[in-house]
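S.K.: Input: one structure, supplied below.
A short reminder: the numbers here are calculations on the coordinates, not readings from a lab. These numbers were taken from a predicted model, which means no experiment stands behind them. Cβ placement follows ideal geometry from the backbone for every residue including glycine, while neighbour counts extend to all protein chains displayed.
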Amino acid sequence: MVAELEILTDAMSNLPVNVEQVIEDLGIQYFNEPMDKGQSGAIELKDGNYTIRVNSLEPRQRQRFTAAHELAHYLLHREMLVKQGRLARHSDSLYDEHAQKNVAVPFNPHHEVEANKLAAEIIMPRQQIERLYDPAKDNFEEMAKQLGVSKSALVIRLKILGLLPNSKPAQPDL
């Protein structure tokens, strides 16, 4: 667990965070491949090995968030994938109307929120955001590019962290 934290912490000090490298450094197989419409990613455990798959048909910024989301499931919820030694697979539909139809098994909506929060922290670390953000400037485009995220995702993160004027932290940061 200490080694996992070190790998993650080191990766989060360089922008954009190389989520795929973190996944591989943790010994998880990573595949970026076409998936069914509406399916963003999946994590599975088979024969003691974890695999994360991300839909290559989605925009690059979404792929990065999905990879971080599946990594978050591994870090936070992997024990739930272990079911009497059998294959356990979890698929996520994270975006658009498909997210409303997401089958969360074995996770519930609370686990999905936890994974989303940690994914946002992984690809948009608080320390990096605070270092880059200048309230006197509208440098959102530049920041989003450095972080490898969309401008809208960055604005949401800034609001959650309470860094935008007239905003308070929406929820505790992980």
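S.K.: Using packing as a proxy for protection, rank 48-56, 125-133 so that the peptide with the highest average count of other Cβ atoms within 10 Å comes first.
M.R.: 48-56, 125-133
S.K.: Return, ordered by residue number, the residues of segment 140-165 whose backbone nitrogen is under 12 Å from a label point located 7 Å along Cα→Cβ of D134.
M.R.: In segment 140-165, the label zone of D134 (backbone N under 12 Å from the point 7 Å along Cα→Cβ) covers 140, 142-143.
S.K.: To the nearest 0.05, what FRET efficiency results for Q127 and F31 with a Förster distance of 35 Å applied to their C-beta separation?
M.R.: Computed FRET efficiency for Q127 and F31: 0.70.
S.K.: Let me ask something additional. How much FRET efficiency would the formula 1/(1 + (r/R0)^6) give for I156 and M80, where r is the Cβ-Cβ distance and R0 is 30 Å, rounded to 0.05?
M.R.: With R0 = 30 Å, the Cβ-Cβ based efficiency is 0.65.
S.K.: Just to be sure I understand the model, the point goes 7 Å from the Cα along the line to the Cβ. What's the resulting L5 to E142 distance in nm?
M.R.: Here the answer is 3.5 nm between the modelled labels.
S.K.: Check the straight Cα-Cα distances from K46 and name the aspartates and glutamates below 16 Å, setting aside those fewer than 8 residues away within the same chain.
M.R.: E70, E79
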